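To start, the structure under review is shown below, and the notes come after it.
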Amino acid sequence: MPTAILAPAPPHPSGDKRFRILDATMKRHRHEPDSLLEVLHAAQELFGFLDLDCLIYVARSLKVPPSRVYGVATFYNFFSLKPKGDHTCVVCMGTACYVKGTASILAAIEQQYRIKAGDTTADGTMSLVTARCLGACGLAPAVVFDEEVAGGLSVGLTLERIARWTSDGR
Amino acid sequence: MAAEDVDAIRGRESAAWDAHRGRIAVCTAAGCLSSGAAAVKEALVDAARTASTNGSVRVVGTGCLGLCHAGPLVRVDTATEHALYERATPGVAPALVCAAVAGALPREGRNDDEAAFFAPQQRIVLANAGRIDSERVEDYIAAGGYRALQQAVGEMTPPDVVQQIVASGLRGRGGGGYPTGLKWSTVAKADGPAKYVICNADEGDPGAFMDRSVLEGDPHRVLEGMTIAGYAVGAEQGFIYVRGEYPLAISRLKTAIKQAERLQLLGHRILDSAFNFRIDLRIGAGAFVCGEETALIASIEGRRGTPRPRPPFPAERGLWDRPTLINNVETFANVPPIVTRGGDWYASIGTARSKGTKVFALAGAIARTGLIEVPMGLTLRQIIFDVGGGIPGGRAFKAAQTGGPSGGCIPADHLDLPVDYESLAGIGSIMGSGGLIVMDDTSCMVDVARFFMEFCREESCGKCIPCRAGTVQMHGLLTKITDGRADERDLLLLEQLGELLTRTSLCGLGQTAANPVKSTLRHFRGEYLAHIVDRRCPAGVCRMKGAP
């Protein structure tokens with residue numbers, strides 16, 4: 001395994017405590033450039049998403065080009081460069097869910113809230129995302145409402161669940 | 001810890017098992033948890049603690065019990081009988097605990113399909129599901145776990161171990177079907193100051209949840225298989241590359257690694273021998289292409305998950321350019337029983353060229369959605385109708401999809417085909433990792449082909465042009481067909497592009513991306529023509545938008 005040499009990069013000027021936690025994560029990985037994915041996972045967990053400031057900070061600390069950090073952050077679906085909404089609705093688009101009709105569920109949500117999969121509503125209440133497969137095919141069609149997997153859904157039931165968030169949010 | 005100490009744990013735990021009058025196993029795999037298994041388990045634990053039972057009933061959380069559509073599932077074992085209860089609620093807990101103590105299991109709430117579902121199955125990889133507590137290493141040991149590692153490290157030389165794997169005829173369960181023994185011998189023979197073992201747990205095919213279930217239900221089985229592999233090929237470091245979408249599997253693996261390290265079954269001087277092996281987790285970040293071995297290696301190295309040309313194969317130059325053994329979860333899970341029972345035993349199961357069993361995830365238009373393990377060579381009809389209970393709602397079987405976006409659709413006239421690597425390839429599909437999705441007459445085959453092409457288009461890493469541009473073009477053509485705007489020239493173009501992708505793409509993703517199109521064209525050409533010539537979708541799925 002290649003090891004990083006040179007002196008450590010200076011701490012983040014904001015003094016935000018979360019950067020200190022991120023520093024500790026990078027230190028645990030001995031600032032190895034190979035640990036970039038683990039570091040980005042940790043950063044996203046701390047901040048909720050990865051903004052440019054954070055990506056540049058990681059690049060400097062691990063001594064890798066910012067282009068590589070940006071390349072990795074945008075390559076993987078898991079990393080988000082935009083802040084998420086208060087609630088997240090994940091529509092499973094796996095084969096089993098697809099043949100049982102999640103395409104129409106997704107279309108109905110997109111139409112009702114005038115957003116596309118991957119977007120957040122203008123008021124920041126909900127982010128709508130799709131999943132490749134939750135592996136919960138026994139529950140098809142399945143949708144995740146804030147970590148909670150719900151199965152056997154219809155368009156009506158799904159919209160009803162989401163409506164509860166939007167009415168609470170106001 | 002020495003081998004004798006592991007034996008001591010095994011003896012102690014087995015005695016503790018036998019001391020209980022009854023055992024209740026709650027399925028705590030992701031599917032059942034989503035339908036409320038955690039509350040059921042808590043209620044059962046509370047009920048079992050009450051004075052009247054006096055601790056005579058043991059409640060455990062166990063791996064996937066198989067019949068996922070009927071969850072939460074609870075299996076109750078007494079000295080004389082057992083039963084599987086479906087759609088359990090916390091309310092039934094006291095009655096089940098009392099029944100387990102009394103030794104008389106009630107009929108109410110029982111799953112009646114159990115016998116039909118399990119009879120054709122043969123469980124090797126899933127042997128511990130329903131038996132052990134997924135989060136206790138002692139349970140795994142009591143069920144015979146780590147005996148294979150004791151045997152390998154204590155009594156066998158590394159070449160002996162490789163020889164058993166070769167003799168078993170085991171082939172890669174990730175879908176490629178490459179002989180595992182051959183891979184192990186190549187890495188074993190390679191020179192180098194360092195070698196690595198990687199477990200590919202980046203299960204990406206939609207509709208596939210075999211590996212997730214194994215990792216969640218029996219994580220030590222995978223750790224043991226990897227450790228034996230490390231001993232056999234001469235590696236001291238292993239990595240498990242697991243999907244970020246599987247938080248439960250990740251947490252169970254973390255727990256299992258700590259437990260194994262504490263018992264000196266991982267780490268330095270394993271079982272007091274000179275063999276050292278450690279395992280680290282690497283969490284994927286949502287890229288399907290990382291299931292391809294060279295892309296997976298790039299991802300572990302902290303880079304974008306793009307593949308590179310092979311050769312050199314990872315067995316010669318893999319992680320950090322060192323010889324690297326990469327096998328899938330299910331492949332490693334087969335290793336411990338092969339070591340304890342011998343390669344010849346394993347080779348006696350299955351067909352001439354496909355040995356052993358295969359785990360399948362049944363989903364789609366099938367009565368019993370769930371997880372099964374069957375010997376190679378069972379027919380599709382037996383799997384779908386005997387094990388899976390057939391098509392619900394009185395509808396007709398139309399196709400079985402295997403191999404996900406790299407596989408194909410198998411029509412009804414091939415239902416009596418024995419399922420093994422060669423016969424599936426022979427009709428234009430592949431074994432794949434084990435996702436088996438059943439479609440009835442409400443599914444449109446052109447729409448299904450378009451669904452998979454959209455998947456490949458999104459997941460193409462963009463490195464090579466045939467895949468990057470070809471999947472976009474093919475998806476466009478398929479959309480034209482499902483919109484009713486295509487003519488027969490488009491069909492010709494679709495076929496030519498498919499051939500081009502297969503022949504010229506850099507990695508497996510692009511090389512197999514056209515398979516769903518090719519297989520549906522082969523078996524359901526009439527449906528394509530109905531869309532093109534008659535501007536009609538026979539299944540009524542596609543909304544025809546009009547003339548070209």
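Any read-out appearing in this document is the output of simple, stated calculations on the displayed coordinates, not a laboratory observation. Since we're looking at a predicted model, the values are computed, not measured. Glycine also receives a Cβ, built like all others from the backbone with ideal geometry; neighbour counts cover every protein chain displayed.
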Here the averaged projected area of the protein assembly as shown, based on the convex hull of its alpha-carbon atoms and given in nm², is 32.1 nm²
Within a Cβ distance under 11 Å of residue A:14, other residues only, what is the Lys/Arg minus Asp/Glu net charge?
+1
Per-residue average of other protein chain Cβ atoms inside 10 Å, peptide B:63-71 -> 2
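Mind listing which GluC sites (Glu not before Pro) in the range B:163-256 are in a DSSP loop and have 15 or fewer other Cβ atoms within 10 Å?
Sites meeting the loop and neighbour criteria: B:236.
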Cα centroid of the range A:100-121 to Cα centroid of the range B:1-48, whole Å
42 Å
Please give the Cα centre distance for the range A:146-162 versus the range B:361-406, rounded to the nearest Å.
26 Å
Within a 10 angstrom radius of each residue's Cβ in B:293-306, how many Cβ atoms of other chains show up on average? Whole number is fine.
4
Assuming R0 = 56 Å, what is the FRET efficiency of residue B:276 and residue B:416, from their Cβ-Cβ distance, to the nearest 0.05?
0.65
Projected onto the charge dipole of the range B:445-530 (unit charges on the beta-carbon of Lys, Arg, Asp and Glu, signs +1, +1, -1, -1), the Cα from B:453, B:497, B:528 with the largest positive-side position is that of B:497
Please list A:119-125, A:11-17 highest first by mean number of surrounding beta-carbon atoms within 10 Å per residue.
A:119-125, A:11-17
Just to confirm my numbers, what's the Cα centroid distance between the range B:481-503 and the range A:16-59 in Å?
45 Å
Fully extended contour minus Cα-Cα distance, from residue B:308 to residue B:493, at 0.36 nm per residue
63.8 nm
Any chance you could run the full-extension gain for residue B:441 through residue B:116? It's 0.36 nm times the residue separation minus the Cα-Cα distance, nm to one decimal.
114.5 nm
Whole-Hz ³J(HN,Hα) from phi, Karplus 6.51 cos²θ - 1.76 cosθ + 1.60, for the range B:227-242, glycine and proline x:
5, 4, 4, x, 5, 5, 9, x, 10, 10, 9, x, 10, 10, 9, 10
Could you give the nm distance between label points at residue B:21 and residue A:84, where each point is 7 Å from its Cα heading toward the beta carbon?
4.7 nm
Taking H placed 1.01 Å from N in the peptide plane, check which residues at least 5 places from residue A:130 or on another chain put their amide H under 5 Å from its amide H.
A:91, A:118
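Once fully extended, how much extra length lies between residue B:79 and residue B:541, figured as 0.36 nm per residue of separation less the alpha-carbon to alpha-carbon distance?
Working: separation 462, 0.36 × 462 = 166.32 nm, distance 5.25 nm.
Full extension of this stretch gives 161.1 nm more.
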Once both labels are modelled 7 Å past Cα along the beta-carbon direction, what's the residue A:25-residue B:469 spacing in nm?
3.9 nm
With x for Gly and Pro, the residue-by-residue ³J(HN,Hα) of the range B:532-539, computed from phi through the Karplus equation 6.51 cos²θ - 1.76 cosθ + 1.60 at θ = phi - 60° and given in whole Hz, is 7, 7, 8, 6, 9, 9, x, 8
Nearest-20 debye value, the range B:136-249 charge dipole, Cβ charges on Lys, Arg, Asp, Glu
280 debye
Give the peptides B:320-331, B:475-486 in descending order of average Cβ contacts within 10 Å, highest first.
B:320-331, B:475-486
For residue B:353, which sequence-distant residues (separation of 5 or more, or a different chain) have an amide H within less than 5 Å of its own amide H, given hydrogens modelled in the peptide plane?
none
Using just the C-alpha positions of the range A:54-120 as equal point scatterers, what log10 of I(q)/I(0) does the Debye formula give at each q in 0.22 1/Å?
-0.95
On a 32 Å Cα-Cα criterion, which of the cross-link pairs A:100/B:254; A:17/B:254; A:17/A:116; A:84/B:545 come out too long?
A:100/B:254; A:17/A:116; A:84/B:545
Please work out the ratio of the alpha-carbon Rg of the range B:203-333 to 2.2 N^0.38 Å and round it to two decimals.
1.04
With label points built 7 Å along Cα→Cβ from the Cα atoms of residue B:353 and residue B:504, find their separation and express it in nm.
3.0 nm
Between residue B:46 and residue B:14, what's the calculated FRET efficiency when r is the beta-carbon distance and R0 is 22 Å? Round to 0.05.
0.25
Under 5 Å, built H, 5+ apart or other chain: amide partners of residue B:325
B:196, B:197, B:198
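Taking the Cβ of each residue in B:228, A:115 as the centre, tally the other Cβ atoms inside 10 Å and list the residues starting with the fewest.
Least to most surrounded, the residues fall as A:115, B:228.
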Residue-averaged 222 nm ellipticity for the protein assembly as shown, from DSSP H runs of 4+ at -39500 (n - 2.57), nearest 500:
-12500 deg cm²/dmol
Percent of C-alpha pairs per 20 Å bin, chain B, short to long
21, 52, 24, 2
List the Cys residues of chain B that have no partner Cys with a C-beta closer than 4.7 Å.
B:64, B:68, B:98, B:199, B:290, B:409, B:444, B:456, B:461, B:464, B:467, B:507
For the range B:253-298, what is the convex hull volume of its Cα atoms per residue in Å³?
88 Å³
Sequence order, the range B:378-394: Karplus ³J(HN,Hα) from phi using 6.51 cos²θ - 1.76 cosθ + 1.60, θ = phi - 60°, Hz rounded, Gly and Pro as x, gives 5, 7, 4, 4, 4, 5, 7, 8, 7, 6, x, x, x, 8, x, x, x
Compactness check, chain A: C-alpha Rg relative to the 2.2 N^0.38 Å globular estimate gives 1.24
